[in-house]
Structures are given as structure tokens and as C-alpha cells.
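Worksheet: the structure to be examined is printed underneath.
The numbers here are math on the coordinates, done by the rules we state, and not lab data. The structure presented is a predicted model; accordingly, all values stated were derived computationally and were not measured. Every residue, glycine among them, receives a Cβ derived from its backbone with ideal geometry; neighbour counts consider all protein chains shown.
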């Protein structure tokens, strides 16, 4: 474990304990003082990379009320110096392949760039990122990704299936819109485009089409603008949409993979098999780019079925192991086994003791990202005014008063008006999720506005959205395991009590 740094508000061990207990997004301040990575401006990175080509994703800035998935974007291979010239709009300068894309109409994003590959000939760069100070011994830039974007660059709203994220903002600011796992039904999940480790939302969360997605009114947005030097913790299964708000932004992301329940592995294998089978079949409406660029390629049906069988066998073996441990377990210890972020077993006595003795130390160095307001018609235009914690670049200690949202008076007035019109606020601090009262859009329409439903042709994608709906995949997974393991996944034969189920996408 890294040596304690007395200048940091939390030691590596304390940070690990905090991460084990956090149940919502939070921002760490004053934890990255002295990290060389904070000098990674786009200009500095351009000097380091020289003539090396980097792949950029480009998207139009127009509001379309539909998400701009990676499959709908344009791509160019360019030098960082080309990106800088294009972003500065310098007339007569060499902008390389960006010349086809007017800066007034497009944003550009070099995203998901693995630092281990990008700087494979400069391994000393890995040491500029010090995740060991967060309690991850030996972890640095080698296990991280680099993101460089222009103003407006964004990633579509999605959740990560297998782990959680630590995001260091290096240069410029990024705004994060986060939604809790309980809001999954309100975000209309889809598996097209397909990516094994992610589930996307069909909703453009900044400009939602509430006629198509009325349940999005119930979504509870947690928004924060991340400043240079700050680290955002994004819990597993939290939805997030990210946008660059400054002319150039640079950030580093470390994805911490958690041990995944075998039932979740089976459900993912089933999903992959169904999606690949239907989308690989030639038909008139199967001409879209359905595989996300981050996926390695289309596996054959035989390969996918082997993956399903491997996942089912692993689940059966795990159930047998759990059954054996149940027979030798202390009868007083009746709760299911839980594991920490490193996969180590945590006993019930550990959990009880930790819960009784530890509370997350929110304050000037750790800020919870709370529910700001609902994405209702009244507040949709002001959702970009959010929690914007003062920059910790200078690593000066801050008072609790500095940890509040910095919004202008007009925003406060609009939010107060929305609340007074029946939009209830979510609790501050450790948000207690409860149903918020919303008026249905349809109920606000008069009878004169009623439109007869129009029958449209059902497409392959429509069929897939239903077939791989979380509830359907969950049921199919249980049926498979009942047939091939001798019982449903939540019941261990001869062991009695049910086992916990993960959210299955």
C-alpha cells in the first residue's frame, strides 16, 4: 500500500473504506495535489504524441431529441495539433482531416483512449496518475483511459454493467448528469447499439421527447460540473450522460471491475446470443450499424452459444459451492455472502460492525452529488445549472459553505417556482429515494389534442427491444438455470434460503 500522505484529506486505507460505503455519486477534492497528470493539457499531450494519429469521434451540435450513439458519428484519424488548430478556428492553419467538419457545427472527442496503448513507447507517463493514493496499490495510468474533447462533446446516456468509475478531471470542465439504478425504467434501456459492458438509454436526456418517453418525467437527475483536480466516483449501475462545457477538456477515467454474479453472466450471454442472431440475419430493415465501435466484433452463433453454456455451468458450480458452504456455515449467520470491491468475502459481522462504526465523512473534501431537480417541462431548461464545487486545483482547504451548489439567482427562482408547482425535491445528502409527484403529460392535454394511435410497422429493432427487455432476459435466465441446474437461481437445492439477485440488463 502507498505510504500515507499527510497533505491529503484521506489516506489510501480511509479512501478505500469510503468507497466501500458510498451509495451515491460523490466528488473527492484535494486528493490529487502533486499528481503530474494535472499538467496534461491538450498542448502538452500534443507535444508528447507528436505525429501519432489519434481517432476522434465527431457529432453535430444540433438538438435532435434522440441520442447520438457512437454508431451514428463520423470518425477521423488526426494529430492532436490538428485538433488544436481546428478547435481554435485558426484561419489558414493545417487542420488535417478536420477540414470537412465546420467547428460551428461539430464537436470532436478522442474518447476511450487506453493510456497503456497511447503511450506504450513512453511508459514513464503511466506514473503520472496515482490511483494508489485512493487505495489501489500499484494502479496508475496503465489501467486508465484518456478523454480529450471540444465544447459540446458528449457520451450518450448509459450505465456500466460490471463495475464503477473513478474520473479525474484534468483540464477544463465536464458536466455529469447521473440517474440512480431505480430510474432504469424511466430511461428506456436499449441494447442497440450493442455493447457487452454497457446499456444505453433511448432518451436524449437534455432534450427529451416526452411524447415518446413520458416516464422520463419521473427521472431524478443528479448533476455536477467536475472541475480540474477533482475526482468523481460513479457507482455501479448509475446511469450517466457526460458533456464538455469548456473549449477543451481532458480527463482520465479508471474503471474498477467488480466480481459479477454468475446469474448476471448468464443473462448477458443470453442477451448477446439473441441480439447477434437477429441482427446478423439479412433483412430489409437490418441495415443499421448495430455493434458499438468499442466492441471487438460479431461472434458467431456457435461461439455465443458456447458462452451461454459456459455461463450456465459456472452458475451451477457456484450454486454447488454455496450449498456446501451453507451446510458448514454458522446457523446464526443467515445472510448471503457479500464481497468488497476487490472480491474479498465480507462476513456479516464485518458488515454490521462497519455500518455501526462508520459514516461517510461528507464535508469540505468529499461532496455528495445530490438530486438537484426532476427533468420536468418546467425545469428542463435549467438543468445545466448544477452542483459546481469550487476548483481544488490549488488544493486549498475549503469551508463547508464552499460545498454548496453555485447557481445564479435566476436558476434558483426557476427551481423554486417548479417546486411550488408541485414538483417535490429529493432529499439532500445521502439521498433517500422516494416517489416524486409528477403530473402526467397526457393528463395536461385537452380532449381536442387527442390523436388516434397510428399503427407502424414493427421492425427488427422493435422486436429486439422487447426480447431483451430486462424482465424478459431475467425470466429466460431463470428458466435456463432451472432446466440445467436442478432449480431456480435464487434457490439452492437442499439449502433453503434465496440468494441475492443483481440488476439484470
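Observations, loosely collected:
- Three principal axis extents describe the C-alpha atoms of region 85-150; from largest down they are 47, 23, 15 Å.
- In terms of surrounding Cβ atoms within a 10 Å radius of their Cβ, 32, 225, 287, 184 rank from fewest to most as 287, 184, 225, 32.
- FRET efficiency for the residue 209 to residue 259 pair, using the beta carbon distance and R₀ = 25 Å, is estimated at 0.10.
- Computed label-point distance, nm, for sites residue 465 and residue 122 using a 7 Å Cα→Cβ extension: 4.5 nm
- Estimated inter-spin distance, residue 317 and residue 62, nm [label 7 Å along Cα→Cβ]: 5.3 nm
- Over region 218-259, the hull volume per residue, using the convex hull of the C-alpha atoms, is 96 Å³.
- Cα gyration tensor, region 96-209 - rounded (a/c under 1.5), prolate or oblate: oblate
- P(r) of region 163-217 over all Cα-Cα pairs, binned every 10 Å from zero, in whole percent: 18, 43, 32, 7
- Anisotropy class of region 138-187 from Cα gyration tensor, a/c 1.5 cut: oblate
- Exposure proxy order (Cβ contacts within 10 Å, fewest to most) of 192, 472: 472, 192
- Spread over its residues, the convex hull of the C-alpha atoms of region 176-317 is 155 Å³ per residue.
- Here region 1-137 is treated as an ellipsoid with the same Cα gyration tensor; its semi-axes, largest first and in whole Å, are 35, 20, 13.
- Here r is the Cβ-Cβ distance between residue 44 and residue 104 and R0 is 30 Å; the resulting FRET efficiency, rounded to 0.05, is 0.65.
- Here 179, 136, 362 are placed in order of increasing Cβ neighbour count within 10 Å, fewest first, which gives 362, 136, 179.
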